[in-house]
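**Q** Mind looking over this structure? Questions follow.
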Amino acid sequence: MSYCIIIRGPLGVGKTTVARALSAQLSGLYISIDQVLEDHNLLQSDGEGIAVSCFLAANEMLLPAAQAALDTGRPVIIDGCFYHLEPITDLEQRLAAPVLVFTLQAPLSVCVARDKQRSVAYGVDAAAAVHSMVARVAYGTSIDTMDQTLGQTVASVANQLPPAQ
């Protein structure tokens, strides 16, 4: 049984690190929605963040590769902030496989501290804005990453996945 996993959460929470580790563990296809948005110049703002229409256009672009992987039994792991509900429900409706959504959480101070460790940090204002927008969309299974190692967070997700067949 193949499935799609969406790892969402605020900037600096560890989405990409967790999604890449999970992809390696599951031999899955990793897709960064943020990278798709950037690669295709879909960063237009709706006044607060990236517009819903941009996320939906990114979904359109990633769907063929995601569905091809799912059709061969490979899981697909997509990470991104997903601070709008519509792009998540769009993927749930359009992919011919179960979609499991996990929301990684940590206090803003932790996300800011993690962001500062990046080679190119987004900054406190961006971290605060994204943290607030993500928090408005309560969706999926929440996992608090504050006191967890990478391995523990990956295990928290993996333990909730359907059994391999």
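The values are calculated or read from the model by the stated rules, or taken from the named source; none is laboratory data. Because the structure is predicted, anything quoted here is derived from the model rather than measured. Note: ideal-geometry Cβ built from the backbone for every residue, glycine included; neighbour counts use all protein chains shown.
**Q** Please list, ordered by first then second residue, the pairs with beta carbon atoms under 6 Å, 6 or more apart or interchain, first in segment 22-36 and more than 21 Å from Ala158 (Cβ to Cβ) and touching a residue at least 24 places away in the same chain (Cβ under 8 Å), second among the polar types (S, T, N, Q) and surrounded by fewer than 19 Cβ atoms within 10 Å (Cβ to Cβ).
**A** Here the result reads none, with nothing in segment 22-36 linked to a residue that is among the polar types (S, T, N, Q) and surrounded by fewer than 19 Cβ atoms within 10 Å (Cβ to Cβ).
**Q** Looking only at segment 55-91, how many residues end up being surrounded by fewer than 15 Cβ atoms within 10 Å (Cβ to Cβ) and closer than 23 Å to Leu104 by Cβ?
**A** Qualifying residue count, segment 55-91: 3.
**Q** Quick check on my filter: what residues within segment 39-54 are in contact with a Leu (Cβ under 7 Å, 6 or more places away or on another chain) and either surrounded by 13 or more Cβ atoms within 10 Å (Cβ to Cβ) or touching a residue at least 60 places away in the same chain (Cβ under 8 Å) (or both)?
**A** Listed by number, the residues that qualify are Ile50, Cys54.
**Q** Shifting gears a bit: Would you point out the residue of segment 102-144, among those that are basic (Lys, Arg) and exposed (fewer than 12 other Cβ atoms within 10 Å of the Cβ), that is nearest to Pro87 (Cα to Cα)?
**A** Arg136
**Q** Residue under question is Ser45, and the condition is that it be at pLDDT below 95, among the hydroxyl-bearing types (Ser, Thr, Tyr) and under 22 Å from Ala21 (Cα atoms); does it hold?
**A** In short, no.
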